[in-house]
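Below: one structure, written as structure tokens.
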Amino acid sequence: MNDTSRIDELETRVAFQEHALNELSDALAEARAELTRHAILLSKVVEELKSARGAGVAINASDEPPPPHY
């Protein structure tokens, strides 16, 4: 194996690694954005549950009277 082919091989490997690194970076950025969206959505749901509980809506089944067939 001569020096030129070794350099070509190394350049190919570096290019592949750079491409893989960019793909991983993009995937990580997308996952972080999705995590942020989910955190916002969860926060909204928690706030809605708190307001529903404060409005007197029964959250637990034990808070509701038994159905008429009991």
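Summary of values
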{"read-out": "Distance in nm between pseudo-label sites at Leu35 and Thr12 (7 Å out along the Cβ direction from Cα)", "value": "3.7 nm"}
{"read-out": "With 10 Å bins from 0: P(r) over the chain, alpha-carbon pairs, percent", "value": "16, 18, 15, 14, 12, 10, 7, 6, 2"}
{"read-out": "Choice from Ala29, Ala39, Ala55 showing the highest fluctuation, given a GNM over the chain with Cα pairs closer than 10 Å", "value": "Ala55"}
{"read-out": "Full-extension gain in nm, Ala27 to Arg53, via 0.36 nm per residue minus C-alpha separation", "value": "5.5 nm"}
{"read-out": "Rounded to whole Hz, the Karplus (6.51, -1.76, 1.60) HN-Hα couplings of the stretch 24-40, x for glycine and proline", "value": "5, 5, 5, 5, 5, 4, 5, 5, 5, 5, 5, 4, 5, 4, 5, 5, 5"}
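Bear in mind that the values in this text are calculations on the coordinates, not laboratory data. Everything numeric here is computed off the predicted structure, so don't read it as measured data. FYI the Cβ positions are ideal-geometry reconstructions off the backbone, even for glycines, and counts take in every protein chain you see.
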